[in-house]
Amino acid sequence: MQFIKNTPKNSSQNSTKANLCSEQKPQIILVIRILFEVVWTILRTNYEILKAIIKWFIPPEPKDVSDEIVLITGAGHGMGREVALRFGKLGAIVICVDINPQGNEETVKIIKQGKGKAFRYECDVTNREAVLKLADQVSRDVGEVSILINNAGIMPCKPVLRHSEKEIRTMMDINVNGNLWMIQAFLPSMLERNHGHIVAMSSMAGKMGLRNLVPYCGSKYAARGIMEALAVELHEDPRDTNGINFTTVSPYIVNTGLCLKPRIRFQRLMKTIDPGDAADQIVDAIRRDYHEITIPSDLYYGNKIFNLLPPGAGKILTDFIGTGLDPHD
Ligand SMILES: NC(=O)c1ccc[n+]([C@@H]2O[C@H](COP(=O)([O-])OP(=O)(O)OC[C@H]3O[C@@H](n4cnc5c(N)ncnc54)[C@H](O)[C@@H]3O)[C@@H](O)[C@H]2O)c1
């Protein structure tokens, strides 16, 4: 009887054991897979770190841009103009876009005088419909834009409570939404060809908070955030998007007339920058496919170290450096 009684128990124990074994098998396979992935991820991450270190010591050769169609917003003045002139000299076809016809015309004239190829389009980057029409028109008149430089921007400078609603909305429209409309207009053809480069003009004010620039800092952090997210989105896109590059530029104070009242405690250490010098560095970064640059370049690591500090220590350091902008009005 006992034997008979035990038989079903044993058989059920055996089948439970068998079930456990068959359940454990996929779990073991999963653990092995994850372990393999961890090792593979560590190897690949280290490979990329090594590549970055080598790139730091031996920068990649600047790419030839003579076959590229480069579109620059805000090309009628300041850094936009200087960047446009340099691409003109390098043999690229330059599409100058600005809301200001006089400045834009002047930029195109200078490029053409230097035997460069340039076209001008007047467009307000805040107007999404106008931007989509611009993309269509440029494609028909000239061809597909391969380097898009979102440079147009404004910088009202005063304490946050003195900014009018209109001022804040206009600035966000130009500095943030303008970038998005341009990306929506020009990215599709880059994706079709798996060839392109998108550049954003952020600022050191997009990497650290500064008084009198609360909305502007917000807009420049946003410009940087857009670029980070776009790079991730395209990396995860099932299509091959390796041919599309991104560069975010964060300049300190450049003498274009945008920063009217800079306050700099250590003038020798923190010089304001000539727009031509800034443009040289921007064009160089684009040609070498750098993901991010600051102008001057030493602020890049300075800012990274600053961000590691606790907020109290950061404030003490900021007070000591004493750099910033006084209100424009
Ligand atoms: N100058 C600096 O110190 C500095 C520092 C950091 C970042 N930046 C950023 O670099 C970029 C260029 O700065 P800059 O000093 O050369 O500026 P700038 O004022 O010299 O030139 C900006 C150009 O953008 C154009 N523009 C303005 N609104 C526009 C619109 N709605 N549509 C189309 N074009 C428009 C203007 O007409 C002008 O030609 C800006 O985004 C700015 O925020 C400047």
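Each value in this text was obtained by applying a stated rule to the coordinates, not by laboratory testing. No experiment lies behind these values; they were computed from the predicted model shown. As a convention, Cβ positions derive from the backbone with ideal geometry for all residues, glycine included, and neighbour counts pool all protein chains shown.
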Review point. What share of Cα pairs, in percent, lie more than 24 angstrom apart in the stretch 103-240?
Key: 40 percent
Revision key, fill the gap. Per the rule of 0.36 nm per residue minus the C-alpha distance, extending Arg288 to Gln102 adds in nm 63.8 nm
Point to revise | With 5 Å bins from 0: P(r) over the stretch 237-329, alpha-carbon pairs, percent | key: 3, 11, 17, 19, 18, 14, 9, 5, 3, 2, 0
Review point. For Ala52, what charge total do you get from the other residues with a beta carbon under 15 Å from its beta carbon, if Lys and Arg give +1 and Asp and Glu give -1?
Key: +2
Check your understanding: With θ set to phi - 60° and the Karplus curve 6.51 cos²θ - 1.76 cosθ + 1.60, what are the ³J(HN,Hα) couplings of the stretch 250-261 in order, to the nearest whole Hz, using x for Gly and Pro?
Key -> 10, x, 7, 8, 10, 7, 10, x, 6, 9, 7, 10
Study note, to complete from the structure: Residues meeting the amide H criterion for Asn245 (H placed from the backbone, H to H distance under 5 Å, 5 or more places apart or on another chain) are Gly196, His197, Ile198
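Which entries in Lys51/Lys304; Lys109/Lys158; Lys220/Lys304; Lys220/Lys315 show an alpha-carbon gap greater than 25 Å?
Lys109/Lys158
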Exercise for review: Report the residue, chosen from Glu82, Glu233, Glu105, that carries the largest GNM mean-square fluctuation when the chain is represented by alpha-carbon nodes joined by springs under 10 Å.
Suggested key: Glu233
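Once you order the gyration tensor axes a ≥ b ≥ c over the Cα atoms, which shape class does the stretch 200-290 get: rounded for a/c under 1.5, otherwise prolate or oblate by comparing a/b with b/c?
The shape class here is oblate.
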Practice item. Could you estimate the translational diffusion coefficient of the chain from the Stokes-Einstein equation, with Rh from the Kirkwood formula over C-alpha pairs, at 4 °C and 1.567 mPa s, in whole µm²/s? Key: 57 µm²/s
Exercise for review: Round to the nearest 10 and give me the degree value, 0 to 90, for the angle of helix 178-193's Cα axis relative to the longest principal axis of the chain.
Suggested key: 60 degrees
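So for Thr73, Thr247, fewest C-beta neighbours within 10 Å to most, what's the order? Intermediate values should be presented prior to the final figure.
Working: Thr73 27, Thr247 22.
Starting with the residue having the fewest Cβ neighbours, the order is Thr247, Thr73.
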**Study point:** Charge sum, other residues only, whose C-beta stays under 15 Å from Lys261's C-beta, Lys/Arg counted +1 and Asp/Glu -1
**Key:** +3
Exercise for review: Once you have the Cα-Cα distance between Lys133 and Leu308, take 0.36 nm times their residue separation minus that, and quote the gain in nm to one decimal.
Suggested key: 58.5 nm
Revision key, fill the gap. Expected max-MSF residue from Gly143, Gly116, Gly302 in the GNM of the chain (alpha carbon, under 10 Å) is Gly302
Check your understanding: Ranking Ile147, Ile29, Ile93, Ile110 by Cβ neighbours within 10 Å, fewest first, what do you get?
Key -> Ile29, Ile110, Ile93, Ile147
Point to revise | Crossing angle, helix 2-57 versus the chain [Cα axis fit, 0-90 degrees, rounded to tens] | key: 20 degrees
Practice item. Would you work out the relative contact order for the chain, in percent, from Cα pairs under 8 angstrom that are 6 or more residues apart? Key: 16 percent
Review point. Does anyone have the angle between helix 214-235 and the longest principal axis of the chain? Alpha-carbon axes, 0 to 90°, nearest 10?
Key: 50 degrees
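I need the calculated FRET efficiency for the pair Val31 and Lys63, taking r as the beta carbon distance and R₀ as 41 Å, to the nearest 0.05.
Values: r = 44 Å, r/R0 = 1.08.
The calculated FRET efficiency here is 0.40.
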Review point. Can you give the net charge of the other residues whose Cβ lies under 10 Å from the Cβ of Ser202, counting K and R as +1 and D and E as -1?
Key: +2
Check your understanding: Any idea what % of Cα-Cα pairs in the stretch 137-209 are farther than 14 Å?
Key -> 68 percent
Study note, to complete from the structure: Subtracting the Cα-Cα distance of Arg193 and Lys115 from 0.36 nm times their residue separation yields 25.2 nm
